[in-house]
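The structure under discussion appears below in the form of structure tokens.
Every number in this text was worked out from the coordinates using simple rules, so none of it is lab data. Note that the structure is predicted; figures quoted are calculated from it, not measured. Ideal geometry is used to build each Cβ from the backbone, glycine not excepted, and the neighbour counts take in all protein chains shown.
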Amino acid sequence: MPHHELDAEALYAALARQVKDALANVDKVALVGIYSGGAWLADRLATELDVDGRLGYIDVSFYRDDYAEKGLPTDVKPSQIPFDVDGATILLVDDVLYTGRTTRAAINELFDYGRPARIMLAALVDRGERELPIAADFVAHTLALAPGERLVLQRADDGKLSFTVDHA
Amino acid sequence: MKLHIKNGRLIDPANGIDASRDLYLADGKIAAVGAAPAGFQADRTIDAQGLVVAPGLVDLSARLREPGYEYKATLESELQAAIQGGVTSLVCPPDTDPVLDEPGLVEMLRHRARSMNQAHVYPLGALTVGLKGQSLTEMAELTDAGCVGFSQADEPILDTTVLMRAMQYAQTFGYTVWLRAQDAHLGRNGIAHSGPIASRLGLSGVPVMAETIALYTIFELMRSTGARVHLCRISSAAGVALVRAAKKEGLRLSCDVSAHHVHLTDADIGFFDSNARMTPPLRSQRDRDALRQGLMDGTVDAICSDHTPVDDDEKLLPFGEASPGATGLELLLSLALKWAEEDGKGDGLSQAIAKISPAPAQLAGLAGGRLEEGAPADLCIFDPEARWTVKAAALASQGKHTPFLGYELRGQVRHTIVAGQVVFSRP
Amino acid sequence: MHNPQLNKNGELQHLLTIEGLPKAIVNQILDTASSFVGISDREVKKVPLMRGKSVFNLFFENSTRTRTTFEIASKRLSADVINLNISASSASKGESLLDTIDNLAAMHADMFVVRHAQSGAPYLIAKHLTDTGRSHVHVVNAGDGRHAHPTQGLLDMYTIRHYKKDFSNLTVAIVGDILHSRVARSDIHALTTLGVPEVRAIGPRTLLPSGLEQLGVRVFTDMREGLKDVDVIIMLRLQNERMSGALLPSAQEYFKSYGLTTERLAMAKPDAIVMHPGPMNRGVEIESAVADGAQAVILPQVTFGIAVRMAVMSILAGN
């Protein structure tokens, strides 16, 4: 069921503006999107920034901290980082920032590729309730959700983005 | 001791009786069937209401593990297992350590068994010295010592000439040669029936040919020597067919099957369950069906337990390393009843008892298996409806391994009487 | 009958054989493996999934190559690895298999990778662990007798998927000593589970087990006929012992009829791939020109083998 208050496209536009303004003078930014929502957003941002091939995707399944409780997910996708992480300025992109654990896992994974100069985080929505000291550099919207509710980014066949709310 | 057994259902297949009859025992024999003999004063009366009164079971193969393998089992435990299973007479193979090829060993074994006052023990003597297949044993001396036949147990005879001479020699005295139909070389490293299941599980196979080629050899030698042969543990459909034809031809042949092969197949190996490791191996469904058909039409004369106690150290191993064999004395009755109930006429009780008492007694030349006046007072009184679950801890035998662990079986012994004495009563 | 590989929730608890594994689990292993393939190209060739876990390699049968790939896979998952070559130690002193397992489990093993000469040995181990309240310890079968070598079967499938993409229209031939081969059995189960329409076995009568047709395999004794229009050829290694068991007269005669030569390879499709579990006997089952040729994918198999083993171990360790 689409969330009637959230217009994902409008939020994306807001996020993209923030990112472009802030990074206008930064050299050789690399985009890394966290599957799946972050990857779609990174694809979009890549058309608006000059990344010149520095576009990657990351699956944090091997770095999550809940492996002992939940095991390996069945839909692990290969991470693809086609640029040199050493010394890179990376904008990590995710759809929803929540506890911060996914971001921590993504950072750990990036550090196994090399030593980046800088990592920034862009999230479409921040739903609060952080469990780790993690903050986003760019956020389009902040909101609170009820316990058990999950915000899920969807991409239609024509590429249009929208949000739905799942109940666990 | 004068015993009166009343209200029981007497089933005596040898005399064609299946009726409510009382039984009177005196001086170790059956004094009368039906009406009490004149002046009979019972010392003890057993009320067999709801129970079957049958001749004691005669098991054609039970390994007692003495002498030599006392760590696996002893006469005390195994004879206790026998009487708890209603077995009043059993034949034991000669593959002890040392092998039963000397009269002194046989005498000692019989003496020890007799002193326990439990089941009657009839040893088979080794056909060749040490079972090595080279020189003949003193068959006459061994018979005097108490052997009821001669066998190679599971050891093949490599030299056909030796087998032929052994059969000629046995025939001279009228002794029966008990043989496993197993070629010396084909499938000698096999551990499972050669077929799709063994192929899938990666287990080396024993082909049916190993049995049929041996049967052809045995029958040819029988034709030439005139010897009397009892075939032990037939396992295949092709084997049963050959036995059927040989009997029709008039060869002096009898044949038994293990209670395990009557019910189980190679599929029961499941996930490499070493309790299903047996010699001969459990074969396919078609083979099992043919064995059952053979029992029905008399091609297969008797069912035995093939009781082989194996301890944990030799079973809790990968399939190929485990020792073959299963405990069976305490399951023989139930397994025979199960077969007859499934395949036989009516409730099958008479048919089942026939295969585990009068038929084995007769082909082995043993007293017993019948309930007429003057016959030995060896009885198995059992509850045909009682259900029990096979549990290792509850078995009297020291052999706790059987593929039937956990199975619920029907038919349980209530009293076992040997030579007129009640040797076992279930509490 | 309860499948001993799966726990009550239908999740993989042990990997003992491919036979009876749900297709979804086979696919999950292959899919997860593709995520591990890229790890070798990174700076840090490790992921932290099995950090702090102990993997015991229990090899009752010698095999340096398989043991090494499991060791590499374990270390890439950040696990601690202990190698035990049992043939040299306790077993020869008479310690039973289960006693050995009890001793090692007391040292807090999290996973046993077991290779044994007896078919079914890993099942005995898995059952014993469950019966003694240690069902959190996982068993990976690295080859048991003639029965199964599931990680080899899986890496062979990964290789085929990598080069051929779609299993549903392939013809795959397995050539050689199928009678004694656990690799052949695992490959057959994997191919049929993944829906390969035609699986062929090629070899002399003495090396073909009975009942192959019941496993869904077409049997050929003529190599040229068997290789006709085949997409994948899996060559099996011929061991020297076969010559002494009256199964084959000589290696030369075997090569004459069943060796994969360039000429025989031409019977298959032009884009057919040639696989071999290794180690190869050049000039016995395969000609050097083919082994080193463009259609051979034998070295990639080894690379994929590490990723597939990482996938198996990480899926098990998480269940």
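What does the C-alpha gyration tensor say about the overall shape of the range B:56-364? Classify as rounded when a/c is under 1.5, otherwise prolate if a/b is larger than b/c, or oblate.
Details: a/c = 1.22, a/b = 1.11, b/c = 1.10.
It is rounded, given that a/c, with a ≥ b ≥ c, falls under 1.5.
When DSSP beta bridges are limited to those with both residues in the protein assembly as shown, what percentage is antiparallel, rounded to the nearest 5? Spell out each step's value before the answer.
Values: 40 of 129 bridges.
Here the antiparallel bridges make up roughly 30 percent for the protein assembly as shown.
Starting at the first residue of the range A:108-113, write each ³J(HN,Hα) from the Karplus equation 6.51 cos²θ - 1.76 cosθ + 1.60 with θ = phi - 60°, in whole Hz, x for Gly and Pro.
With coefficients 6.51, -1.76 and 1.60, one gets 4, 5, 4, 5, 7, 8 Hz.
Ignore the peptide's own chain and count Cβ atoms of other chains within 10 Å of each Cβ in B:192-205; give me the average, rounded.
For this peptide, the per-residue mean of nearby foreign Cβ atoms is 6.
Between C:Val219 and residues 5 or more places away or on another chain, which pairs have amide H atoms under 5 Å apart, with H built 1.01 Å from N, and which residues are they?
Result for C:Val219 returns C:Ala201.
Could you tell me what percent of the DSSP beta bridges with both partners in the range B:8-157 are antiparallel, to the nearest 5?
Antiparallel bridges make up about 45 percent of those DSSP assigns within the range B:8-157.
Need the list of lysines near B:Lys6 for cross-linking: C-alpha distance under 21 angstrom, and skip anything on the same chain fewer than eight residues off.
The qualifying lysines are B:Lys29.
Would you calculate a helix-derived [θ] at 222 nm for chain C, using -39,500 (n - 2.57) for each DSSP H run of n ≥ 4 and dividing by the full residue count, to the nearest 500?
-11000 deg cm²/dmol
To the nearest 500 deg cm²/dmol, what mean residue ellipticity at 222 nm is calculated for chain B from DSSP H runs of n ≥ 4 alone, each contributing -39,500 (n - 2.57), summed and divided by the residues?
Helix contribution divided over all residues of chain B: -9000 deg cm²/dmol.
Can you tell me which of B:53-59, B:33-39, C:9-15 comes out highest on packing, and rank the rest after it, using the mean Cβ neighbours within 10 Å? Write down the numbers at each step before the final one.
Working: B:53-59: 30.9, B:33-39: 11.4, C:9-15: 19.0.
Descending packing order for the listed peptides: B:53-59, C:9-15, B:33-39.
Per-residue Cβ counts within 10 Å, from other chains only, averaged over A:71-81: what number is that?
Per residue, the number of nearby Cβ atoms from other chains is 6 on average.
Name the GluC sites (Glu not before Pro) in the range B:118-227 that are in a loop by DSSP and that have at most 15 other C-beta atoms within 10 Å, would you?
B:Glu138
Please list, or write none, the aspartates and glutamates whose alpha carbon is within less than 17 Å of the alpha carbon of B:Lys132, excluding same-chain residues fewer than 8 places away.
Qualifying aspartates and glutamates at Cα under 17 Å: B:Asp95, B:Asp97, B:Asp101, B:Glu102, B:Asp154, B:Glu155, B:Asp159, B:Asp183.
Using 32 Å as the Cα-Cα cut-off, could you pick out the over-long pairs in A:Lys77/C:Lys8; A:Lys160/C:Lys23; C:Lys8/C:Lys75?
The answer is A:Lys160/C:Lys23.
Looking at the range B:335-400, which trypsin sites (Lys or Arg not before Pro) are in a loop (DSSP not H, G, I, E or B) and have at most 11 other Cβ atoms within 10 Å?
B:Lys345, B:Lys391
Long-range amide H contacts for C:Val81: which residues qualify at under 5 Å (H placed 1.01 Å from N, peptide plane, sequence gap of 5 or more or a different chain)?
Counting only residues 5 or more places away or on other chains, the set is C:Val55.
Run the quick spin-label model on A:Thr47 and C:Asp222: label points 7 Å from Cα toward the beta carbon, then report their separation in nm to one decimal.
6.0 nm
Please sort by residue number the GluC sites (Glu not before Pro) in the range A:1-49 whose DSSP state is loop and whose Cβ has at most 13 other Cβ atoms within 10 Å.
A:Glu5
Pull out the extension gain between B:Lys391 and B:Arg188, defined as 0.36 nm times the separation in residues minus the alpha carbon to alpha carbon distance; nm, one decimal.
My answer for the length gained is 69.8 nm.
Just to confirm my numbers, what's the Cα centroid distance between the range C:19-68 and the range A:44-58 in Å?
32 Å
Find the centroid of the Cα atoms in the range B:136-176 and in the range A:77-109, then give the distance between the two in whole Å.
Comparing the Cα centres of the range B:136-176 and the range A:77-109, I get a distance of 84 Å.
Give me the distance between the Cα centres of the range B:282-323 and the range B:234-258, rounded to whole Å.
17 Å
What longest range of chain C stays clear of loop-exposed trypsin sites (Lys or Arg not before Pro) (DSSP non-H/G/I/E/B, at most 10 other C-beta within 10 angstrom)? Intermediate results must be reported in sequence, preceding the final value.
Working: sites that count: C:Lys8, C:Lys165.
Longest run free of exposed loop sites: C:9-164.
Counting only DSSP beta bridges with both residues in the range A:36-168, what percent are antiparallel, rounded to the nearest 5?
Looking only at bridges with both residues in the range A:36-168, the antiparallel portion is about 40 percent.
Bin width 20 Å, origin at 0, all Cα-Cα pairs of chain C: what percent of pairs per bin?
Going out from 0 Å in 20 Å bins, chain C shows 33, 57, 10 percent.
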